[in-house]
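Engineer: Mind having a look at this structure? Questions to follow.
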Amino acid sequence: MADRILKKDNLGKLVASVNGNGGRFIAPVLDARQVVFKDVTKAEEIVTEYILARNSYKEYVFPQTEVVADFTVEKHGVDLKSREVEARETVVFGARPCEAASLSSLRAIFTWDYIDEFYTKREDSLVVVTVACTKADDACFCTTVDLSPESRAGSDLYLLETESGDYMVEAITDKGRAFVEKYKGAFTEGSGKAKTLVMPEKIGTIDLEKVSARLKDKNHYDDQVWARLTRKCIGCGACTFVCPTCHCFDITDEGTQFAGERRKNWDACQFDTFTLHASGHNPRHYQHQRWRNRFMCKFNYYPEKFASKGCVGCGRCIRVCPVRLDITEVMEEFSR
Amino acid sequence: MSNNIYLPHLVTIEDIYEEAPDVRSFRLVFKDKALRESFDFKTGQFGLYSAFGLGESTFCIASAPTRKGYIQCTFRKSGRVTGGLSELSIGDTMGFRGPYGNFFPVDEWKGKNLVFIAGGIGLPPVRSVIWNCLDRREEFGDITVVYGARTVADLVYKNELQHWGDRNDVRLIQAVDPGGQTEEWQGKVGFVPTVLEEAAPKAENTVAVTCGPPIMIKFVLKALEKLGFSDEAVYTTLENKMKCGVGKCGRCNVGDVYVCKEGPVYTAAEVKRMYNDF
């Protein structure tokens with residue numbers, strides 16, 4: 001049941017208001033012929049005909065690179081300054097229901113006993129405005145991981161597109177309700193006829209419970225199946241960068257030995273140096289061991305440790321993979 | 001007060017000890033006087049040490065919590081950060097974050113005999129336990145230390161080895177790998193697992209603690225099993241690559257076990273239950 005209508009003619013007003021308040025408005029736009037999430041200042045930039053943005057919106061809660069401290073090395077010692085996150089209202093418009101479900105997984109990691117405020121402060125000021133899917137492609141498999149275009153988890157506002165191009169707005173969270181109230185000039189009373197949602201077909205040969213049980217049995221670890229299925233992986237890490245739940249990062253100093261910044265930078269468990277010890281020993285020496293780690297992280301560590309989803313079935317890793325390594329094929333293998 | 005979990009404390013290098021070729025120890029004191037007084041840790045915990053401009057590296061705290069007012073770390077110069085740290089001098093400033101991770105349950109070992117087995121640069125974490133127990137000597141039974149390195153020069157803490165050897169309440173067995181001995185060498189020649197088997201410490205009412213290269217640990221565990229040690233009485237510390245130290249960066253996990261959060265100290269029984277991801 002829709003609470004409000006967001007008329008397409010009012011979208012520009014909303015974009016301007018959020019920006020005018022010092023906030024950021026993120027939406028899918030065309031960039032180098034790809035649909036990607038970017039900052040927008042005008043509603044005209046926003047693309048509506050798309051399946052999924054190529055990047056996940058995780059970069060707005062977990063930036064690719066982020067300064068955590070500044071230092072200068074002086075004669076008397078080191079001057080070290082902590083960076084604080086400026087919590088700006090950040091609206092992500094046009095997220096899909098699959099990726100909206102990923103935030104609770106990221107939060108589980110970034111608040112596991114030690115609170116990473118660089119993450120939490122950004123997430124706390126993030127408003128996820130999901131637009132339900134009226135299109136899907138062969139890479140979409142949300143229904144296979146128990147999500148669907150109707151899933152509300154993680155969305156603050158859940159929008160249905162109408163035949164006339166407006167949006168029926170359902171406020172899911174308090175944050176969503178407060179957002180509608182704050183920008184009430186853009187949200188109006190009314191109704192419309194919602195476009196039909198498109199459900200990706202569930203991959204019938206995949207049984208998540210079987211996958212989970214197989215992964216819990218530690219004997220599979222040395223099984224040849226990993227090498228056989230993932231031999232073609234070239235370790236580029238693209239899957240991890242577009243994935244809405246991948247969270248691995250590096251901490252590194254940039255600058256000189258006299259002045260610089262300490263940064264958190266995205267990293268990937270698919271890289272050969274990721275776990276390499278100074279001694280030369282590498283616990284994950286082979287690429288299939290790295291691939292196995294990512295799969296385990298999604299279908300064992302996240303669900304078992306944090307009771308959260310490691311994979312939301314958005315299919316980005318399948319679309320972006322240069323060697324067409326399809327994660328659902330591995331899920332199928334472990335469903336046998 | 002910053003809630004930035006990645007922000008290190010500033011520490012001053014109060015002293016530097018050359019332990020072995022490319023291996024140094026730093027004695028570190030917190031710049032913050034209040035922290036210097038209040039800082040506490042448990043034996044087996046680790047920290048992240050910064051060479052500003054180069055980054056952070058993970059090592060155990062090699063000193064014992066029974067020695068207050070400073071911490072010591074020991075590292076081998078092997079990469080960018082440890083290379084940078086090696087160039088620092090007494091009085092210089094570096095960074096420290098920690099203590100992180102779990103610890104050796106020393107309090108549970110009261111009344112037991114202790115056997116420490118270390119190889120090469122694996123002695124520093126064990127040293128923390130050894131001094132912790134020596135400083136509370138009356139609480140424990142027999143103490144045996146088996147330590148080996150590739151060559152005589154590679155043995156770390158040479159002064160302390162001599163001290164432990166001189167004490168009559170410690171049985172110290174030193175070894176170097178075949179070919180690593182000098183003419184003056186009076187210790188054993190052989191690999192640590194073999195030397196351990198020959199020393200044959202009794203398993204009854206005894207706890208074993210081991211750290212060293214993965215291949216050494218593997219064979220030490222076998223030797224201890226042969227000597228009758230149960231997997232629950234054998235402890236080791238896993239040293240995986242880490243960046244955050246607080247369960248977020250995603251690289252220290254052995255299967256589903258995050259070494260930084262759930263380790264680094266494990267019993268042999270726990271290690272055997274892990275995924276083969278070493």
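The values are calculated or read from the model by the stated rules, or taken from the named source; none is laboratory data. All values reported here derive from a predicted model rather than from experimental measurement. Positions of Cβ are generated from backbone atoms using ideal geometry, with glycine treated the same way; all protein chains shown enter the neighbour counts. With ligands, DNA and RNA removed, areas are computed over all heavy atoms of the protein, side chains included. Shrake-Rupley method; radii C 1.70, N 1.55, O 1.52, S 1.80 Å.
Engineer: Do the conditions hold for B:Lys68, that is, is it of a type outside the set (Ser, Thr, Tyr) and either under 24 Å from B:Cys252 (Cβ atoms) or touching a residue at least 24 places away in the same chain (Cβ under 8 Å) (or both)? Lay out the reasoning, then the answer.
Structural biologist: Values: of a type outside the set (Ser, Thr, Tyr): yes; either under 24 Å from B:Cys252 (Cβ atoms) or touching a residue at least 24 places away in the same chain (Cβ under 8 Å) (or both): no.
No: the conditions fail for B:Lys68.
Engineer: Residues of the range A:293-326 being free of Cβ contacts under 8 Å to residues at least 40 places away in the same chain and among the β-branched types (Val, Ile, Thr), which ones?
Structural biologist: none
Per-residue answers, yes or no, for (1) small (Gly, Ala, Ser); (2) within 12 Å of chain A (Cβ to nearest Cβ); (3) in contact with a Pro (Cβ under 7 Å, 6 or more places away or on another chain); (4) open to solvent by 20 Å² or more (accessible area, probe 1.4 Å):
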position	(1), (2), (3), (4)
B:Glu232	no, no, no, yes
B:Glu239	no, yes, yes, yes
B:Cys244	no, yes, no, no
B:Gly247	yes, yes, no, no
B:Arg251	no, yes, no, no
B:Gly255	yes, yes, no, no
B:Tyr258	no, yes, no, no
B:Ala269	yes, no, no, no
B:Lys272	no, yes, no, yes
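Engineer: Also, quick follow-up: Sort out for me the helices (runs of 4 or more DSSP H) sitting completely within the range B:58-174 that have 1 or more residues that are in the same structural domain as B:Asp22 (by TED's automatic domain parsing), open to solvent by less than 20 Å² (accessible area, probe 1.4 Å) and within 19 Å of B:Val29 (Cα to Cα). Working first, answer last.
Structural biologist: Numbers: elements: B:80-86, B:123-134, B:158-166.
Per the criteria, B:80-86.
Engineer: Let me ask something else about it. For the range A:122-134, does any single residue satisfy the condition of being touching a residue at least 24 places away in the same chain (Cβ under 8 Å), more than 28 Å from B:Val259 (Cβ to Cβ), in contact with a helix residue (DSSP H, G or I) (Cβ under 9 Å, 6 or more places away or on another chain) and among the charged types (D, E, K, R)?
Structural biologist: Checked the range A:122-134: at least one residue is touching a residue at least 24 places away in the same chain (Cβ under 8 Å), more than 28 Å from B:Val259 (Cβ to Cβ), in contact with a helix residue (DSSP H, G or I) (Cβ under 9 Å, 6 or more places away or on another chain) and among the charged types (D, E, K, R).
Engineer: Of all residues in the range A:4-34 being over 17 Å from A:Val91 (Cα atoms) and part of a strand (DSSP E or B), which is least open to solvent (accessible area, probe 1.4 Å)?
Structural biologist: That would be A:Ile5.
Engineer: Let me ask something else about it. When the residues of the range A:39-57 are filtered to those that are assigned to a helix (DSSP H, G or I) and within 13 Å of A:Phe93 (Cα to Cα), which remaining residue is nearest to the chain's Cα centre (by Cα)?
Structural biologist: Start the filter on the range A:39-57 by keeping residues that are assigned to a helix (DSSP H, G or I), which leaves A:43-45, A:57.
Checking which are within 13 Å of A:Phe93 (Cα to Cα) leaves us with A:43, A:45, A:57.
Values: A:Ala43: 23, A:Glu45: 22, A:Tyr57: 5 Å.
So, considering only residues that are assigned to a helix (DSSP H, G or I) and within 13 Å of A:Phe93 (Cα to Cα), the one nearest to the chain's Cα centre (by Cα) is A:Tyr57.
Engineer: Any residue that is assigned to a loop (DSSP other than H, G, I, E, B), in contact with a Cys (Cβ under 9 Å, 6 or more places away or on another chain), hydroxyl-bearing (Ser, Thr, Tyr) and at pLDDT 95 or above - is there at least one of those in the range A:113-121? Full working, then the answer.
Structural biologist: To start, the set of residues in the range A:113-121 that are assigned to a loop (DSSP other than H, G, I, E, B) comprises A:113-116.
Within this subset, residues satisfying the condition of being in contact with a Cys (Cβ under 9 Å, 6 or more places away or on another chain) are A:114, A:116.
Imposing the further condition that a residue be hydroxyl-bearing (Ser, Thr, Tyr) reduces the set to A:114.
Retained after the next criterion (residues that are at pLDDT 95 or above): A:114.
Looking for residues that are assigned to a loop (DSSP other than H, G, I, E, B), in contact with a Cys (Cβ under 9 Å, 6 or more places away or on another chain), hydroxyl-bearing (Ser, Thr, Tyr) and at pLDDT 95 or above, one finds at least one in the range A:113-121, hence yes.
Engineer: Output the residues belonging to the range A:75-102 that are at pLDDT 95 or above and not in a strand (DSSP E or B).
Structural biologist: A:Arg83, A:Glu89, A:Arg96, A:Pro97, A:Cys98, A:Glu99, A:Ala100, A:Ala101, A:Ser102
Engineer: Here's something else I'd like to know. Condition first: within 14 Å of another protein chain (Cβ to nearest Cβ), more than 23 Å from A:Asp39 (Cβ to Cβ) and open to solvent by 10 Å² or more (accessible area, probe 1.4 Å). Now tell me which residues in the range A:108-135 satisfy that.
Structural biologist: A:Ala108, A:Thr111, A:Trp112, A:Asp113, A:Tyr114, A:Ile115
Engineer: A further question follows. If you take the residues of the range B:175-202 that are more than 15 Å from B:Val152 (Cα to Cα) and assigned to a loop (DSSP other than H, G, I, E, B), which of them is most open to solvent (accessible area, probe 1.4 Å)?
Structural biologist: Of everything passing the filter in the range B:175-202, B:Lys202 is most open to solvent (accessible area, probe 1.4 Å).
Engineer: Looking at B:Pro214, B:Pro264 in this structure, which one is out of contact with any helix residue (DSSP H, G or I) (no Cβ under 9 Å at 6 or more places or on another chain) and either crowded, with 18+ Cβ neighbours inside 10 Å or within 14 Å of chain A (Cβ to nearest Cβ) (or both)?
Structural biologist: Numbers: B:Pro264 fails: out of contact with any helix residue (DSSP H, G or I) (no Cβ under 9 Å at 6 or more places or on another chain).
Answer to the selection: B:Pro214.
Engineer: Take the range A:264-306 and flag every residue that is open to solvent by less than 20 Å² (accessible area, probe 1.4 Å), charged (D, E, K, R) and more than 17 Å from A:Ile234 (Cα to Cα).
Structural biologist: Across the range A:264-306, the qualifying residues are A:Lys264, A:Lys298.
Engineer: Which of the numbered conditions does A:Ser212 fail, given that it passes all the others? Conditions: (1) among the small types (Gly, Ala, Ser); (2) closer than 30 Å to B:Cys244 by Cβ; (3) part of a loop (DSSP other than H, G, I, E, B).
Structural biologist: The failed condition is (3).
Engineer: Is there a residue being under 13 Å from the mean Cα position of the chain (by Cα) and within 13 Å of another protein chain (Cβ to nearest Cβ) anywhere in the range A:80-97?
Structural biologist: Looking through the range A:80-97, none of the residues is under 13 Å from the mean Cα position of the chain (by Cα) and within 13 Å of another protein chain (Cβ to nearest Cβ).
Engineer: OK, next. Which one of these does A:Gly176 not meet: (1) in a loop (DSSP other than H, G, I, E, B); (2) crowded, with 21+ Cβ neighbours inside 10 Å; (3) small (Gly, Ala, Ser)?
Structural biologist: With (1) in a loop (DSSP other than H, G, I, E, B); (2) crowded, with 21+ Cβ neighbours inside 10 Å; (3) small (Gly, Ala, Ser) applied to A:Gly176, the lone miss is (1).
Engineer: Still on this structure, I have one more. Of the residues in the range A:250-282, how many are under 16 Å from B:Leu48 (Cβ atoms), touching a residue at least 24 places away in the same chain (Cβ under 8 Å) and among the hydrophobic types (A, V, I, L, M, F, W, C)?
Structural biologist: Residues flagged as under 16 Å from B:Leu48 (Cβ atoms), touching a residue at least 24 places away in the same chain (Cβ under 8 Å) and among the hydrophobic types (A, V, I, L, M, F, W, C) within the range A:250-282 amount to 1.
Engineer: I would also like to ask the following. Just need a number here: residues in the range B:54-64 that are over 27 Å from B:Gly180 (Cβ atoms) and within 12 Å of another protein chain (Cβ to nearest Cβ). Show your work before the answer.
Structural biologist: Narrowing the range B:54-64 to residues over 27 Å from B:Gly180 (Cβ atoms): B:54-56, B:58, B:61, B:63-64.
Narrowing further to those that are within 12 Å of another protein chain (Cβ to nearest Cβ): B:54-56, B:58.
Looking only at that region, the number is 4.
Engineer: Are any of the residues in the range A:20-37 within 25 Å of the chain's Cα centre (by Cα), closer than 20 Å to A:Ser125 by Cα and free of Cβ contacts under 8 Å to residues at least 24 places away in the same chain?
Structural biologist: Within the range A:20-37, the first condition is being within 25 Å of the chain's Cα centre (by Cα), and the residues that meet it are A:22-37.
Then drop every residue that is not closer than 20 Å to A:Ser125 by Cα, which leaves A:22-28, A:37.
Okay, now just the ones that are also free of Cβ contacts under 8 Å to residues at least 24 places away in the same chain, so none.
So far as the range A:20-37 goes, no, none of its residues is within 25 Å of the chain's Cα centre (by Cα), closer than 20 Å to A:Ser125 by Cα and free of Cβ contacts under 8 Å to residues at least 24 places away in the same chain.
Engineer: Identify all residues within the range A:191-237 that are within 14 Å of chain B (Cβ to nearest Cβ), open to solvent by less than 70 Å² (accessible area, probe 1.4 Å), within 14 Å of A:Ser335 (Cα to Cα) and more than 28 Å from the chain's Cα centre (by Cα); write none if there are none.
Structural biologist: A:His220
Engineer: Tell me which residues, restricted to the range B:10-53, are crowded, with 22+ Cβ neighbours inside 10 Å, away from chain A (no Cβ under 13 Å) and among the hydroxyl-bearing types (Ser, Thr, Tyr).
Structural biologist: Listed by number, the list holds a single entry, B:Thr43.
Engineer: Identify, by number, the condition in (1) more than 7 Å from chain B (Cβ to nearest Cβ); (2) under 22 Å from B:Asp277 (Cβ atoms) that A:Thr275 doesn't meet.
Structural biologist: (1)
Engineer: Can you name the residue in the range B:34-81 that is among the polar types (S, T, N, Q) and more than 13 Å from the chain's Cα centre (by Cα) and, of all such residues, is nearest to B:Gly119 (Cα to Cα)? Spell out the reasoning first.
Structural biologist: Here is the first cut: in the range B:34-81, the residues among the polar types (S, T, N, Q) are B:38, B:43, B:45, B:50, B:57-58, B:63, B:66, B:72, B:74, B:78.
Now restrict to residues that are more than 13 Å from the chain's Cα centre (by Cα): B:38, B:50, B:57, B:66, B:78.
Values: B:Ser38: 33, B:Ser50: 26, B:Ser57: 21, B:Thr66: 24, B:Ser78: 17 Å.
If we take residues in the range B:34-81 being among the polar types (S, T, N, Q) and more than 13 Å from the chain's Cα centre (by Cα), then B:Ser78 is nearest to B:Gly119 (Cα to Cα).
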